[in-house]
Amino acid sequence: MIDTSHERPCAYLTFTLHAHLPYVVNHGTWPHGLEWLLEAAAETYLPLQRVIANLERDGVALRANLNLSPILLEQLAHPVFRAEFPQYLKRKITAANEDEAYFNQNGEPHLAEIARYWRAYFQQALEQFEALGGDIIRGFREAAERGLIDIITCGATHGYFPLLGTDESIRAQVQTGVATHERHIGRHPRGIWLPECAYRPAGMWSYPVTPHGSSQPWRPFDRKGVEEPLEDAEIDYFFVDTHLVEESVLFTPYELRAGGAVGVGASLAVETCEPHHSLYKPYYVEGPRAHRRPVTIFPRDPRTGLQVWSGDAGYPGDSNYLDFHKKRFPGGHRYWQVTGSKIDMEYKTPYYPEKAAARTKSHAEHYVSLVVDSLKTGFKGPVTAILTSPFDAELFGHWWFEGPMWLEHVARIMARAEIPVALTSCAAYLDRHPPDSFLALPEGSWGKNGTHEVWLSPDTRWTWEYLYPAEVAVRDAASSDRWKGNPQGERILKQLCRELLLLESSDWQFLITTEAARDYAEDRFNEHLASFRAIEKMWQLHFGGGTLGSDEETALRKIEVQDSVFPHVDPSLWVAMD
């Protein structure tokens, strides 16, 4: 039975975990490709389900908002992933056995013990996956049905909304995302994670680059605000970064994870930072249609977020936690602790799981104390305060191995009767405490300096030069109506829409700018661009009086198999708006 002792808490804490990976199925394995998805499933998605189950067993609900991005859902349900994942787990078990034998032979009993730890860890994951019938989505869906979490959606392929070149493309990202969510989760999502928390209000907009094939810049035109397609899709809320509500940008999560500087335009001392009280309440978004069906925003809290995001000053940088970077090959298991964030790999010391586990408890106590301290001045205010803590889900378990354990401890502490703050989901909060004011948001993201510069950089401008003509081409094709009642034409157009969605993934620009996997991202963008162009030629041939020959049919089938996502994609979502 779930604890309901916090029926009338003084304030709330809401966790939001953003689970997303770009489409990697059928596009490479290791070091970049399917391996990313296999690692995330074993180290983040299944451990999170174990946390939820452990808490439920003891009468505690995490009540987090969990975003499973539509393209992630498509991959977790994909037959290629479902067939490969158990084989991956078995390889990890075999590698642990081989490591144990090696360490025993070389007189290293502690490392042999850690090898046994890894064997048990991946064996548990294998048994858990088999108990789910090979369906990881099922575990999350059933947890949501029991009220333990609230699953929300995202743009279909995590397209970067403020930079997409047509309003129709944003509508298609949102509506395709909602339809995919309903197909896999079985219910309409209340909330959405805007990719990179990136927002743009309504107004005149100019293409930031000259589209490929044009000698002159395209003319500016009036754009809808990002909230408008959310209104049309009956989405209730989304999340924004601190600086869209407050004046200063306090920190950039991605830079902190890599151990970067704390301050971006302002310094932030963890223990002395003054709470920003305007961040502890939701707002309706002001806009042209805001008062017809308003959409709510929840601002990110920087003070508590720093503790989890920072690979240097935050919890993940603790010397006792498992080091992410140092691995033993060929198996890829990790046997060393952080030791020190600035220490060279050769000086990393052995990992002690029990010491790391103990640190998660003390760090959880510290986190809850920060939450309570941040909210306490508003306990008797006119608005019941809510502190919003959004994170990449993969931060828990994959990047910070002990993260799921820490999250479980936080939930247990929050369930204590003496803690005046309760966990909640955003949807549950809004049902009781709707916003009392409207806020006009500026443009921005949670990326570097709060701008679009990570996704529109000197190294990525070329991607937008090609993407903008592709968006217009799909809009023109969908608006022509020639495909309706024409099975072959509809088939071609649907795959053209899929390739555009995959081209729009913001992950390609992110990986290029950050150089995390630049070559892979550039190759992937060019692959989808080549597929898009090939299908575009088929469209022109089919409606130009010709017929697709055997070569074209073979090429189309190959692309359909390789990029087999969004089976019910609806081309009418790209039809030109009035």
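The values are calculated or read from the model by the stated rules, or taken from the named source; none is laboratory data. Please read all numbers here as calculations on a predicted model, not as lab measurements. Positions of Cβ are generated from backbone atoms using ideal geometry, with glycine treated the same way; all protein chains shown enter the neighbour counts.
Of everything in segment 309-327 that is out of contact with any helix residue (DSSP H, G or I) (no Cβ under 6 Å at 6 or more places or on another chain) and buried (at least 18 other Cβ atoms within 10 Å of the Cβ), the residue that is farthest from V368 (Cα to Cα) is D323. When we screen E527, E499, E504, E490 for residues that are within 22 Å of A156 (Cβ to Cβ), among the charged types (D, E, K, R) and touching a helix residue (DSSP H, G or I) at 6+ places or on another chain (Cβ under 6 Å), the only hit is E499. Condition first: at pLDDT 95 or above, part of a loop (DSSP other than H, G, I, E, B) and touching a strand residue (DSSP E or B) at 6+ places or on another chain (Cβ under 8 Å). Can you find one or more residues in segment 366-384 that meet it? No, segment 366-384 contains no residue that is at pLDDT 95 or above, part of a loop (DSSP other than H, G, I, E, B) and touching a strand residue (DSSP E or B) at 6+ places or on another chain (Cβ under 8 Å). Charged (D, E, K, R), over 18 Å from the mean Cα position of the chain (by Cα) and assigned by TED's automatic domain parsing to the domain that holds P434, is that true of R190? No: the conditions fail for R190. For segment 375-401, taking the residues that are of a type in the set (S, T, Y) and within 26 Å of V51 (Cα to Cα), the one that is farthest from the chain's Cα centre (by Cα) is identified as T388. When K361, K348, K355, K342 are checked against the criterion of being under 30 Å from A428 (Cα atoms) and of a type in the set (D, E, K, R), K361 stands alone in meeting it. Residues that are hydroxyl-bearing (S, T, Y) and assigned to a loop (DSSP other than H, G, I, E, B) within segment 415-438 comprise T424, S425, S437, listed in sequence order. Of the listed requirements (1) surrounded by 17 or more Cβ atoms within 10 Å (Cβ to Cβ); (2) in the same structural domain as T388 (by TED's automatic domain parsing); (3) under 21 Å from the mean Cα position of the chain (by Cα), T29 misses just one: (1). For segment 32-67, a residue qualifies if it is over 15 Å from the mean Cα position of the chain (by Cα), assigned to a helix (DSSP H, G or I) and among the β-branched types (V, I, T), and the qualifying residues are V51, I52. Cβ-Cβ distances below 8 Å connect the following pairs, each with a first residue in segment 539-567 that is part of a helix (DSSP H, G or I), a second residue that is among the acidic types (D, E), and a separation of six or more residues or different chains: L541/E552; I559/E499.
The residues in segment 463-475 that are out of contact with any Phe, Trp or Tyr (no Cβ under 6 Å at 6 or more places or on another chain) and either among the β-branched types (V, I, T) or without any contact (Cβ under 8 Å) to a residue 60 or more places away in the chain (or both) can be counted, and the count is 1. Of everything in segment 387-414 that is in contact with a Leu (Cβ under 8 Å, 6 or more places away or on another chain) and assigned to a loop (DSSP other than H, G, I, E, B), the residue that is surrounded by the most Cβ atoms within 10 Å (Cβ to Cβ) is G397.
The single condition among (1) in contact (Cβ under 8 Å) with a residue 24 or more places away in the chain; (2) outside any helix (DSSP H, G or I); (3) closer than 27 Å to L72 by Cβ; (4) among the aliphatic types (A, V, I, L, M) that L529 does not satisfy is (2).
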